[in-house]
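Taking it in order: structure first as structure tokens, then the write-up.
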């Protein structure tokens, strides 16, 4: 076998692969003879069809299959001989103008992995959020849990933020009723955003039994396109105003949240533990985001377009599948929508692989187990979650990838300038 390597533009390479016809035909005949022992053909008992008949019916398919296998095998040998790292898949094409009938030559075009150059990271800066988790955050979280379990009681006072109103309404545009413009016994909580802001403002201050007429303009981006940007008039009749009643943080409340013995202090400890895990996760996410941006800035490499194309297609199919799972009907999405994201992901993947290989970073078993245990803590039966992960090689691979990413972040942090930045809990959560 002869395989000449050509260096084309960028990362593209080409190998000429010669396949001896005698070897191909010998293997074709050998496979057809084996097939003849049990092949089923019309007019013959199983395994009794003559070889000539088997060759007429199955010969072309067998020859094509074997040619593909021989090309792949010889391509693999040539790649190994030239010590190439192939990115994507090769494209085989027969060379034009061949006159030698003793062999057939194919050109295999493909891309190789690029050289990844990472600059000195010592000038790079990373801000590490430092959060002092106080009892105030625990109290705020408990208040959120209380609001999730609130009840409502009728009140004689005027409606305000957080109150539940029940009312009838009638809306018109240019004096004409419109679809969805009328409702009876409609219920909504002021401040939850279910109603238009202008509508809520006009309900605020009303009491049970009050009536009010008011004008408003639908937003230009209103979901009902026929109403977008139009002026409307509404008349409302308030039937009931109900004030929220929060359950007390007591033993019953603690039991409802899974603390079997109703110990309120234990509930607070669990809430704080959950917040600490969330803080740790958010801090790690912030560090990872900054690490990836720094690596993108400090790295130089050519992108294998075959890998970009594969990642683009993967993202497109994943997005379509997600939309379908949520009941959103869509036509085939344009691949160009995902090219930028695919390029970034491929670039980062190559950079991370280079760092992992060059620095011999390994996800340790205890590190993997710790990550699984950390994720399992938010479930009712952590041991069952642990077992669920260890039963699946695919799920374990996902955790191993997370561990390797953590190791890369730690390695980069050891090279760059890391500054601890005091951050409030609200800022870390993106609420400030």
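Descriptive notes on the structure:
- Distance from the alpha carbon centroid of the range 28-45 to that of the range 332-356 works out to 48 angstrom.
- Computing Kirkwood radius over Cα pairs in Å directly from the structure and comparing it against (1) 21.5; (2) 26.6; (3) 29.7 singles out (3).
- Simple spin-label estimate for residue 194 and residue 231 gives 3.0 nm between the two label positions (7 Å along the Cα-to-Cβ direction from each Cα).
- Point-to-point label distance, residue 322-residue 53, nm (Cα→Cβ direction, 7 Å offset): 5.7
- Once the chain from residue 178 to residue 377 is taken as fully extended at 0.36 nm per residue, the excess over their C-alpha distance is 66.5 nm.
- Using the Cβ-Cβ distance between residue 264 and residue 212 with R0 = 51 Å, the FRET efficiency computed as 1/(1 + (r/R0)^6) comes to roughly 0.70.
- Gaussian network model of the chain, Cα within-10 Å springs - most flexible of 205, 59, 43: 43
- Each of residue 45 and residue 128 was given a label point 7 Å from its Cα along the Cα-to-Cβ line. The distance between the two points is 8.1 nm.
- Take every Cα pair under 8 Å whose residues are at least 6 apart in sequence, average their separation, divide by the length of the range 119-189, and the relative contact order is 23 percent.
- Taking 0.36 nm per residue of sequence separation and removing the Cα-Cα distance, the residue 187/residue 170 pair yields an extension gain of 4.7 nm.
- Relative contact order of the chain, defined on C-alpha pairs under 8 angstrom at six or more residues apart (%): 18
- DSSP beta bridges in the chain [antiparallel fraction, %, rounded to 5]: 90
- Dimensions (Å) - the range 169-275, Cα atoms, principal axes, largest first: 61, 33, 20
- The stretch between residue 285 and residue 417 holds 45.8 nm of extra length on full extension. This uses 0.36 nm per residue minus the Cα-Cα distance.
- Each Cα pair under 8 Å and six or more residues apart adds its separation to the average, and for the range 1-155 the resulting relative contact order is 26 percent.
- Top of 277, 45, 91 by mean-square fluctuation, Gaussian network on the chain, Cα under 10 Å: 45
- Top of 306, 378, 211 by mean-square fluctuation, Gaussian network on the chain, Cα under 10 Å: 211
- Packing here is the average count of other Cβ atoms within 10 Å per residue, and on that basis the peptides 215-225, 92-102, highest first, run 215-225, 92-102.
- Efficiency of FRET between residue 391 and residue 144 - r from beta-carbon atoms, R0 35 angstrom, step 0.05: 0.50
- Here the sum of -39500 (n - 2.57) over DSSP H runs of 4 or more residues, divided by the residues of the chain, equals -15500 deg cm²/dmol at 222 nm, to the nearest 500.
Read-outs throughout are calculated quantities, based only on the coordinates presented, and are distinct from any laboratory measurement. Owing to the predicted nature of the structure, the values given are computational and were not obtained by experimental measurement. Note that we place each Cβ from the backbone using ideal geometry, even for glycine, and neighbour counts take in every protein chain shown.
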